[in-house]
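Structure record follows, encoded as structure tokens.
Quick note: the coordinates plus some simple rules give every number you see, no bench work behind them. Fair warning: this is a prediction, and the values are worked out from it, not measured in the lab. Cβ placement follows ideal geometry from the backbone for every residue including glycine, while neighbour counts extend to all protein chains displayed.
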Amino acid sequence: MTFPRGFLWGAATSHFQVEGHPKEIAHRLSDWARWTEEAGRISDNTTADQACQFYERFEQDLLLVKELNLNAFRISFNWPALLQDWRNSSDEKARVLDPKQVEYYRRLLGALREQGITTFATLFHFTLPEFLAESGGWENSAVVDEFEHFARLCAEAFGDLVDYWITINEPLAYAYQSFISGLWPPGKKAEYLSAFRVIRNMLEGHARAYHAIKAVNQEAMISYTMHWRPFFPQNKFNPFDYIARHFRDYVFNHLFPEAVQTGVLRFPFPLSTNPFVAAIAGRVDGLKDTCDYLAINYYTRELSKFRFEWPLDLFGERSDKAEFATNDMGWEVFPNGLFDLLTRDTMPYQKDSKGRKRPIVITENGYAATFAAELTEGDWSLSDHTRISYLLAHLEAMHQAISAGVDVRGYLYWSLLDNFEWSEGLRARFGLVRVSYPTQERLLRESASVYGRIAKNNSVEIGNFMSVRGND
Ligand code: FCB
């Protein structure tokens, strides 16, 4: 399977999950840093205080990127670290980015540029400055001005070093985990209207950030990432499970991209008849067509089951059953979903309203196995054949979609390193590279060598398949 010339082979990361907290920003941590200090929030009781110490060690880690022959890399900017609370300050300097943090990101992006690596940078990857979180975060429409301000400053500071911008990472996953499941800060549960308000503010924030970046660089390539998840009825013979599947698919997958496509936020009937929901719906100024490429994160599918007593949770919930093998977090491995979304489900968004085609980049895809955070020695997890199978199966699905004419330009594996996986903590390990947290030692897993060969050859060869099948 040979990929188109110039195909981007990369890995994705986010600041909070890998960097650790630099001492000099200790007085302005994020909502997430505070969240991890609260007992019981993180399933293995770990924090991201050190994570992979990427902030100090990025130069060595970029050698791994080179060793794996990658030509693309995704980072995110630490909003809380870059911008302090300037609202009550008379000091004009408070309104600008912290020069020390700017220097860090310029060194990081500059080193990538020197290695000839295409850069992807995300402005909001789940962590809010505390002062914004305290005033309601994304629930409060005041965040929109703040986000626009941050986007403009980042475009001015880093615009020459960023190839692809991502405004907001996975808006629906964020709204769901933070306002419905309560697993992420602010930890609200079943607050559907808040979640919908967050979506509206994120659409406005995305649109304003898009125009702010374009004002600095008209040529910039800008998107947001969608977490695409196919929904299937848990029971094929139960028509109610189809209803749950239908609503969940519309809201999780289509609500945001459709709004970006049309400029109008629309909720499905009968949700749309609720006056509070109707007040959130409607036109969003400047939103239409604010998307230059499709950035898609894909991991798994959901089997949905009907639950009448939760009408606002889209009449259903995720079933804990699975038909196929799962990763250690219970995420079913379903590569066909990647083919389907590329060749069918995202078709309405693969062109702008004037009919111009948008290229696609898979900005995350990966497989987790769990190993305790305190492990240091042993050969645990270095022969990661299930990860290799996952990788190859998804590359095969993507290649089939490319052969069918879909314009996929790149693939970023999540993630280069094991890292802090939000409410799952340090033990859910997605890395091509194993990180022993107590020693910060990095060791390449077998998947890293396989992926490195694929990136080098720009193709998946029979040998790649043999390496995993031979060991099964
Ligand atoms: C995605 C997130 C990313 C990472 C992966 C496993 O939803 O964008 O930060 O946690 O899942």
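Please check the chain for the longest run free of GluC sites (Glu not before Pro) that are loop-located per DSSP (anything but H, G, I, E, B) and have at most 16 other Cβ atoms within 10 Å. Spell out each step's value before the answer.
Numbers: sites that count: E38, E219, E309, E323, E374, E377, E461.
Longest site-free region, per DSSP loop and neighbour criteria: 39-218.
Just name one of L382, P335, W184: the one whose Cα is farthest towards the positive end of the charge dipole of region 8-471 (beta-carbon charges, Lys/Arg +1, Asp/Glu -1).
It is P335.
Too long at a 28 Å Cα-Cα cut-off: which of K189/K305; K93/K214; K23/K214?
On the way: K189/K305 20 Å; K93/K214 24 Å; K23/K214 33 Å.
K23/K214, as the Cα separations exceed 28 Å there.
Helices from the chain with mean Kyte-Doolittle at least 0.0 and a Cα length along the axis of 27 Å or more, per DSSP H: which?
Values: long enough: 192-216 (36 Å, 0.16).
Result, helices passing both filters: 192-216.
Test of understanding: what is the full-extension gain from F269 to A404, defined as 0.36 nm times their sequence separation minus their Cα-Cα distance? Before the final figure, lay out each step's value.
Details: separation 135, 0.36 × 135 = 48.60 nm, distance 3.46 nm.
Taking 0.36 nm per residue and subtracting the Cα distance, the gain is 45.1 nm.
If you place +1 on the Cβ of every Lys and Arg and -1 on the Cβ of every Asp and Glu, how big does the dipole about the Cα centre of region 203-301 come out, in debye to the nearest 20? List each step's numbers first, then the result.
On the way: 10 positive and 8 negative charges, 62 e Å.
Result for region 203-301 is approximately 300 debye, rounded to the nearest 20.
Testing the spin-label approximation: label points 7 Å from Cα along Cα→Cβ at D44 and E134. State their distance in nm.
3.3 nm
What percentages, rounded to whole numbers, describe P(r) for the chain computed over all alpha carbon pairs with 20 Å bin width beginning at zero?
24, 62, 14, 0
Under a plain spin-label model, where a point goes 7 Å from the Cα along Cα-to-Cβ, how far apart in nm are M329 and W86?
3.4 nm
Please report the antiparallel percentage of the DSSP beta bridges confined to the chain, to the nearest 5.
On the way: 15 of 51 bridges.
Bridges in the chain are about 30 percent antiparallel.
Find which of A393, P348, I243 sits farthest along the positive direction of the dipole of the chain, computed with +1 on the beta-carbon of Lys and Arg, -1 on that of Asp and Glu, about the Cα centre.
P348
For region 131-238, which chymotrypsin sites (Phe, Trp or Tyr not before Pro) pass both filters: DSSP loop (anything but H, G, I, E, B) and at most 11 other C-beta atoms within 10 Å?
On the way: sites: F131, W138, F147, F150, F158, Y164, W165, Y174, Y176, F179, Y192, F196, Y210, Y224, W228, F231, F237; in loops: F237.
Hits after loop and neighbour filter: F237.
Say R0 is 22 Å: what FRET efficiency, to the nearest 0.05, do K93 and L161 get from their beta-carbon distance?
Details: r = 23 Å, r/R0 = 1.04.
Once the sixth-power term is evaluated, E becomes 0.45.
Mean 1/r over all different Cα pairs, inverted: what Kirkwood radius does region 163-294 give, in Å?
Answer for region 163-294: a Kirkwood hydrodynamic radius of 15.7 Å.
What is the antiparallel percent of DSSP beta bridges lying wholly in region 210-366, to the nearest 5? Walk me through the numbers on the way to the answer.
On the way: 7 of 18 bridges.
Percentage antiparallel, nearest 5: 40.
Compute the Rg/Rh shape ratio of region 295-395: radius of gyration over Kirkwood radius, all on alpha-carbon atoms. Don't skip to the answer; put the middle values down first.
Working: Rg = 17.7 Å, Rh = 16.5 Å.
Result: Rg/Rh = 1.07.
Roughly how many nanometres apart are two label points built 7 Å out from the Cα toward the Cβ at A279 and H149?
Between A279 and H149, the simple spin-label model gives 2.7 nm.
What fraction of the Cα pairs in region 258-333, stated in percent, has a spacing above 18 angstrom? Provide the component values of the computation, followed by the final result.
Working: 1795 of 2850 pairs.
Considering region 258-333, 63 percent of its Cα-Cα pairs are separated by more than 18 Å.
Among the trypsin sites (Lys or Arg not before Pro) within region 238-280, which fall in a DSSP loop and have no more than 15 other Cβ atoms within 10 Å of their own Cβ? Mind dumping the intermediate values first?
Details: sites: R245, R248, R266; in loops: R266.
Answer in residue order: R266.
Percent of Cα-Cα pairs per 10 Å bin, from 0 to the last occupied bin, for region 1-68, please list those.
Going out from 0 Å in 10 Å bins, region 1-68 shows 17, 38, 24, 14, 6, 0 percent.
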